[in-house]
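Down below is the structure, laid out as structure tokens.
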Amino acid sequence: MTITELGLPSLKPLTPGMPTDGPLVDTFGRAATDLRVSLTDRCNLRCTYCMPAEGLDWLPQEQLLRPEELTRLLRIAVTRLGITSVRFTGGEPLVAKHLEDVVAATATLRPRPEITLTTNGIGLDKRAAKLKRAGLDRINVSLDTVDAAHFAHITRRDRLADVLAGLRAAKDAGLSPVKVNAVLDPETGLNDAVELLQFCLEHGYQLRIIEQMPLDAGHQWQRGRAISADDVLATLQQHFTLTPDPAPRGSAPAELWQVDGRGTVGIIASVSHNFCAACDRTRLTADGQIRNCLFATEETDLRRLLRSGADDAALEQAWRTAMWAKAAGHGINDPDFVQPVRPMSAIGG
Ligand code: SAM
Ligand code: SF4
């Protein structure tokens, strides 16, 4: 009996050449082993390059994956699709009350995946130790400046002290290495980068500076306005001695530099020198859609499949088919590039 006869939504037919087991591959031979899971599209900051001041129309509650639905998909990802690393993100994942429970459930999967979190750090001071006990391995805290006025301008909230407290708690909880993700403001960003690196070296955090991408809800991103990785590198080299890190880069997006023997800094040239050829990511949104790329224009609705009674094999096949269709690259620099409808906050960065 076919899935359609069972009254389940029709799946795309098996695609010629697509493996039905083994790694989660695409037609370019890349295997996705790193799953990004958005737990919510809601957030308590309003970073200008991400969300408008008034926020967004949040996804309705009934469209969000329920914890048991999410843990089922996580089990399929790890045990059937070869996912070895799970990163929880959002929106702001600390806004999701079930975060600790989902981390704990993920930690029971075998082979146990590495479990990481990307957060703005607000409220982390009270939850870092609990998250560590639940099974969280590492954390990335987003912080674009250590200047309180710049922070309030960029995030539209006066919460720098909360983020700094969160960072300290993450380090005290042993979530090491604590990484700091920065997207630079076009006006103040180069100065912010120098101060941020100084701050991170002093506290033992690993700084990662990321080029701003066209994923803002307001579609305000302009080619040439965002600070480029080359500009960041040139500015940091005026203040620090940077030498290329000898470790092989693999699929890591950051180009790593050693800084005066005191630590490292990573520079992520997502737009100007993309690393799509080595991409190993697959994404699950809070409303249960698979995205094969941040910049995908199509999604695969696993929530609908789940709620229509699909078995694990059908969900696995739908996920494989979604990834098989992954494009070679994000195409931001192509003349016909179109920004995806979903903003970063609703995809999960
Ligand atoms: N709220 C959490 C946070 O800020 O870390 C997690 C979600 S946020 C969307 C994940 C990461 O995406 C953050 O480091 C953020 O700075 C980054 N981000 C958001 N919008 C971006 C954009 N337009 N270009 C590049 N990075 C962006
Ligand atoms: Fe919120 Fe993160 Fe977007 Fe800032 S980047 S508005 S913290 S989701």
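FYI, it's all coordinate maths here, none of it is from the lab. Keep in mind that this is a model prediction, so the values were computed, not measured. A quick note on method: Cβ atoms are made from the backbone with ideal geometry, for glycine too, and the neighbour counts reach across all protein chains shown.
When segment 34-347 is described by a simple charge dipole with +1 on each Lys and Arg Cβ and -1 on each Asp and Glu Cβ, the residue from L70, Q289, C50 located farthest towards its positive end is L70. Overall size of segment 37-120 from C-alpha positions, given as principal axis extents largest first: 42, 25, 21 Å.
Computed from Cα positions, the angle between helix 189-203 and the longest principal axis of the chain comes to roughly 90 degrees.
Quick one: S142, S272, S345, fewest Cβ neighbours within 10 Å first, how do they rank?
Values: S142 23, S272 13, S345 27.
Ranked by crowding around the Cβ, least crowded first: S272, S142, S345.
Working from label points 7 Å from Cα in the Cα-to-Cβ sense, the D311 to R138 distance is 3.8 nm.
With a 10 Å Cβ neighbour count serving as the proxy for reagent exposure, in which order, fewest first, do S270, S308 appear? Walk me through the numbers on the way to the answer.
Working: S270 19, S308 13.
Fewest to most other Cβ atoms nearby, the residues stand as S308, S270.
Structural descriptor for segment 194-271: relative contact order 38 percent, calculated from alpha carbon pairs under 8 angstrom and at least 6 residues apart. For the residues F295, F151, F28, a GNM of the chain with alpha-carbon springs under 10 Å puts the largest fluctuation on F28.
Compute the relative contact order of segment 1-151 as a whole-number percentage, counting only Cα pairs closer than 8 Å that sit 6 or more residues apart in sequence.
On the way: 190 pairs, mean separation 32.8, N = 151.
RCO, segment 1-151: 22 percent.
Considering only M213, M51, M18, the Gaussian network model of the chain with Cα springs below 10 Å gives its largest mean-square fluctuation to M18.
Sum up the lysine pairs in the chain that clear both bars: alpha-carbon distance under 24 Å and a spacing of 8 or more or different chains. Here the count comes out as 13.
Relative contact order of segment 34-347: what whole-number percent is it, with Cα pairs under 8 angstrom and at least 6 residues apart? Mind showing how you got there, number by number?
Details: 596 pairs, mean separation 59.5, N = 314.
In percent, rounded to a whole number, it is 19.
If the viscosity is 1.567 mPa s and the temperature 4 °C, what Stokes-Einstein diffusion coefficient in µm²/s follows for the chain when Rh is the Kirkwood radius over Cα pairs?
Numbers: Rh = 20.8 Å.
This corresponds to a translational diffusion coefficient of 62 µm²/s.
So which cysteines in the chain don't have a second cysteine's C-beta under 4.7 Å from them? When partners are defined as cysteine Cβ atoms under 4.7 Å apart, the chain leaves C43, C200, C276, C279, C293 without one.
If you run the Gaussian network model on the chain, springs between alpha carbon atoms under 10 Å, then out of K97, K171, K326 the most flexible one is K97.
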